[in-house]
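Notes follow the structure.
The values are calculated or read from the model by the stated rules, or taken from the named source; none is laboratory data. Source: prediction; values computed, not measured. Quick reminder, even Gly has a Cβ in these numbers, built from the backbone with ideal geometry, and neighbours come from all protein chains shown. Just the protein is used for accessible areas: all its heavy atoms, side chains included, with ligands, DNA and RNA removed. Shrake-Rupley method; radii C 1.70, N 1.55, O 1.52, S 1.80 Å.
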Amino acid sequence: MSDDHERFMRRCLQLAATARDRGDTPVGGVVALDGVILGEGAETLPTGRSVTGHAEILACQAALDATGRRDLAAAVLYTTAEPCFMCAYVIRQLRISLVVYGLETPAVGGVTSIHPILTDPALDDWRPAPAVIGGVMREECGRLKVR
């Protein structure tokens with residue numbers, strides 16, 4: 001595992017713990033480019049008011065806001081949990097080049113479910129699929145539980 005993967009996943013774990021401690025689903029996300037964090041997010045569901053309060057979407061929006069960019073081409077998204085269908089759509093829409101996640105979510109995951117929106121080559125004409133590395137710090141991510 002690369003040093004960057006571990007460093008950014010550790011930050012995701014901190015963000016996930018923050019979400020958990022306030023009663024939200026323990027997921028944290030970071031968008032990085034060239035070793036620098038552009039945006040980060042801690043899940044805001046179920047306590048938040050936005051239905052799109054997923055850590056990955058919050059991290060992507062923060063990165064867009066911070067940079068003024070319209071997409072996140074060449075960026076890496078790190079997250080403690082496999083991105084869901086909604087997040088997978090956003091990731092592809094923003095042209096993120098690599099997704100690194102910890103824990104699989106096969107019921108609604110954009111990679112391991114029966115609807116692999118994040119990696120399905122049938123969607124490549126619309127937006128190319130990012131490279132994906134799963135299982136990074138899986139045990140640490142799996143230990144996060146809602147309190």
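Please determine whether any residue of region 135-146 is out of contact with any strand residue (DSSP E or B) (no Cβ under 6 Å at 6 or more places or on another chain) and crowded, with 23+ Cβ neighbours inside 10 Å.
no
Might you let me know whether region 3-21 holds any residue that is open to solvent by 10 Å² or more (accessible area, probe 1.4 Å) and assigned to a loop (DSSP other than H, G, I, E, B)?
No, because not a single residue in region 3-21 is open to solvent by 10 Å² or more (accessible area, probe 1.4 Å) and assigned to a loop (DSSP other than H, G, I, E, B).
So Ile96 fits all but one of (1) surrounded by fewer than 14 Cβ atoms within 10 Å (Cβ to Cβ); (2) touching a strand residue (DSSP E or B) at 6+ places or on another chain (Cβ under 9 Å); what number is the exception?
In the conditions (1) surrounded by fewer than 14 Cβ atoms within 10 Å (Cβ to Cβ); (2) touching a strand residue (DSSP E or B) at 6+ places or on another chain (Cβ under 9 Å), Ile96 misses (1) alone.
Which residues, counting only those in region 22-37, are under 19 Å from Ala63 (Cα atoms), open to solvent by 20 Å² or more (accessible area, probe 1.4 Å) and not hydrophobic (A, V, I, L, M, F, W, C)?
Asp34, Gly35
Among the numbered criteria (1) among the hydrophobic types (A, V, I, L, M, F, W, C); (2) under 21 Å from Thr52 (Cα atoms); (3) in contact with a helix residue (DSSP H, G or I) (Cβ under 8 Å, 6 or more places away or on another chain), which single criterion is violated by Ala107?
Here Ala107 clears every test but (3).
Checking Ala81 against (1) in contact with a Pro (Cβ under 9 Å, 6 or more places away or on another chain); (2) surrounded by fewer than 24 Cβ atoms within 10 Å (Cβ to Cβ), which test does it fail?
Failing condition for Ala81: (2).
Could you please give the count of residues in region 99-116 that are in contact with a Gly (Cβ under 6 Å, 6 or more places away or on another chain) and either open to solvent by less than 30 Å² (accessible area, probe 1.4 Å) or of a type in the set (Ser, Thr, Tyr) (or both)?
1
Collect the residues in region 31-51 that are in a strand (DSSP E or B), in contact (Cβ under 8 Å) with a residue 24 or more places away in the chain and under 16 Å from Arg10 (Cβ atoms), keeping them in residue-number order.
Val31, Ala32, Ile37, Glu40, Gly41, Ala42
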